[in-house]
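The values are calculated or read from the model by the stated rules, or taken from the named source; none is laboratory data. Being a predicted model, the structure only gives us computed values, none of them experimental. Cβ coordinates were reconstructed from backbone atoms using ideal geometry, including for glycine residues, and neighbour counts include every protein chain displayed. Surface areas here come from the heavy atoms of the whole protein model, side chains and all, with no ligands, DNA or RNA. Shrake-Rupley method; radii C 1.70, N 1.55, O 1.52, S 1.80 Å.
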Amino acid sequence: MNAPVLEQPILRDGHATLPGLFRHRVNELGARVAMREKEFGIWKPISWTEYGRRVRAIGLGLVALGLERGDVVAILSENNKEWIFSDVGAICVGGVSCGIYPTDSANQVEYIVNNSKAEFLFVENEEQLDKYLAVRERVPTLKKVIVYDMEGLRDFADPAVMPIDRLYALGAEYEKAHPEEWNKRVDEAQPEDLMILIYTSGTTGPPKGAMISHRNVIFQMTAGQSGVSVEDGDEQLCFLPLCHIAERSFSVFWQLASKSIINFVESPETFAENLREVSPTTMFAVPRIWERFYSAVAIQLREATWIGRLAYRWALGVGRKRAAHVMDGRKPPALLDLTFRLANWLVLDNVKRVLGLHRTRWVVTGAAPIAPDLIRWYFAIGIEMYEVYGQTENCGIATGTNPRALKVGTVGVISPGTELKLSPEGEILLKGPHVFMGYLNQPDKTSDALRDGWLYTGDVGTIDNQGFVRITDRLKDIIITAGGKNITPSEIENQLKFSPYISDAVVIGDRRKYLTALIMIDHDNVAKYAQDKGVPFSNYASLCRAQEVQDLIRDEVDRVNKLLARVETVKKFRLIDTLLTAEDEELTPTMKLKRKLVNKKYAPLIESMYKED
């Protein structure tokens, strides 16, 4: 099936590469605000002129240090303005930008630097610099390491390491001596040039470096916004890892396309506070974030007065009736619309203000499956939520729901310029200008993913007669029980994660008589439940072992089982009694449990659920 093909996969401004578009935006927007970052409690604006000056200084500074076209520049940092300055600066002078997750270990940094043959590395601070220092003898390609924040490093001296202020100065000096170099470098960029490397999260082995071209990105700047678009002046919050294709698209590429304003969170810990301060007008997040918001409201509701609970149930009921019309593409009756306005004014607006979403026009969820009931809840409180599907290998979005094409339980319709078909096994195949160039240094993996111009996504799905795409599961994750029944675990896991007390779950049962699950509890919500009930616990592991917590999770599993066919029900479960973070190998940097690794690492725990039979 094909969506309408774009005649020219370039921006309306006619620029075929990111450097050309960036230069145009800086000249066009000048003193307008491009981004904000909080310093000493105050949100400080950065203009497009300043954005351009910083990018130009970094790019030409790298040229002064010896960067040649095609050289890889790696970035190891939390999200901040310098991350984007370094990223765009390297790209504009012909470098290839490569983000590294700030939670990666020193060994993982070593792997990516060596695999990409990076010649320059930007690091955020002393903590990230230490990772380089631990492996410096094993990363021979690196010529220079540049540090953003020198706090704690004032007396540190190393010929291979320099502060970013020195790089800014070096770039300014180089520009004075070579005034034509910047424009020359920008003009030399070609659509088919390698622009960025994005290393996959490595759920099935070592990370693979996906090669993304200017053409891939420029195409997605238009096609990716065909359903819901970021508009001139929109406020966005930059908080997911910038080395992931989703945040990179939303906070770097789409900003250039739309002229929106990016606001950086101070740290992962201040996300909720910063969200309430900014109240973005558009927002992208992974399902884990949307689940947490719902859980926070559900927990607060249980502590509310009976009047508060009654008011919320009434308002949500009104919201659900209105949402049913909106989601079906029908205009709500005037009386219902008026009643919803009252419900919003009295109750629902307060809910959205607590979350920091009271100014939000729409939100987008993607990068992992989400429970349909969660989407319905957001619509009911007055926040339009749309789901997109895509992956690193197609540079972001392939399908999406939008106000004109919405069917909950699907990932929408095909984006303009995208071709999509199903293999005989039901695997989703994609073709279009957004399909990547292949995996760096891995021809075998590339030939597995790209065949006859089609990208084999590894996802199994269906397409209905209206063109809506539904993702069933990952091809390798489908469970075939001992009785020969095919089970899609992600649907069951999504229902489990809809509970405010369950953070994540992995359903097990391949070649088994019945299904079981490993469950990761939501620490904050379960700890509060235990405190309110007077349940003693000393740490996370003892909290998981408490009988009252086991009973609580059993009730949540039973609730989900009532919604499932008998063969899909979870007969037994075990709790993962280790509090996992992004640094743990069981989780991807986007906080998804690695199914294969979890099955291997917790094999004895899994066997304990079957050995009694």
Filtering helices (runs of 4 or more DSSP H) wholly in segment 276-358 for at least 1 residues that are under 30 Å from the mean Cα position of the chain (by Cα) gives 287-303, 306-327, 349-355
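I'd like to know if segment 313-324 contains one or more residues that are open to solvent by 80 Å² or more (accessible area, probe 1.4 Å), in contact (Cβ under 8 Å) with a residue 12 or more places away in the chain and either touching a Pro at 6+ places or on another chain (Cβ under 9 Å) or over 11 Å from Ala380 (Cβ atoms) (or both).
Initially, segment 313-324 is screened for residues open to solvent by 80 Å² or more (accessible area, probe 1.4 Å), giving 313-314, 320-321.
With the extra rule that they be in contact (Cβ under 8 Å) with a residue 12 or more places away in the chain, the set shrinks to 314, 320-321.
When the remaining residues are screened for being either touching a Pro at 6+ places or on another chain (Cβ under 9 Å) or over 11 Å from Ala380 (Cβ atoms) (or both), the result is 314, 321.
Yes: one or more hits.
Every residue, every condition in (1) more than 30 Å from Lys117 (Cα to Cα); (2) open to solvent by less than 10 Å² (accessible area, probe 1.4 Å); (3) among the small types (Gly, Ala, Ser); (4) in contact with a strand residue (DSSP E or B) (Cβ under 9 Å, 6 or more places away or on another chain), yes or no:
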| site | (1), (2), (3), (4) |
| --- | --- |
| Ile383 | yes, yes, no, yes |
| Val413 | yes, no, no, yes |
| Thr418 | yes, yes, no, yes |
| Leu422 | yes, no, no, yes |
| Leu429 | yes, yes, no, yes |
| Gly432 | no, no, yes, yes |
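Please go through segment 16-36 and give me each residue that is open to solvent by 30 Å² or more (accessible area, probe 1.4 Å) and modelled with pLDDT of 95 or more, ordered by number.
Step one: list which residues in segment 16-36 are open to solvent by 30 Å² or more (accessible area, probe 1.4 Å), which gives 16, 23-24, 27-28, 31-33, 36.
Residues satisfying the conditions are Arg23, His24, Asn27, Glu28, Ala31, Arg32, Val33, Arg36.
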Those residues of segment 377-392 which are modelled with pLDDT of 95 or more and in a helix (DSSP H, G or I) amount to Trp377, Tyr378, Phe379, Ala380
Hey, could you check segment 58-72 for residues that are touching a helix residue (DSSP H, G or I) at 6+ places or on another chain (Cβ under 6 Å) and β-branched (Val, Ile, Thr) and say which is surrounded by the fewest Cβ atoms within 10 Å (Cβ to Cβ)?
Val72
Exactly one of (1) under 28 Å from Val297 (Cβ atoms); (2) open to solvent by less than 10 Å² (accessible area, probe 1.4 Å); (3) β-branched (Val, Ile, Thr) is unmet by Thr578. Its number?
(2)
Condition set acidic (Asp, Glu) and more than 13 Å from the chain's Cα centre (by Cα), scope segment 236-275, selection most open to solvent (accessible area, probe 1.4 Å): answer is Glu269
Just to be sure, is Asp464 modelled with pLDDT of 90 or more and not aliphatic (A, V, I, L, M)?
yes
Gly453: open to solvent by 20 Å² or more (accessible area, probe 1.4 Å), touching a Lys or Arg at 6+ places or on another chain (Cβ under 7 Å), modelled with pLDDT under 95 and more than 29 Å from Gly317 (Cα to Cα), yes or no?
yes
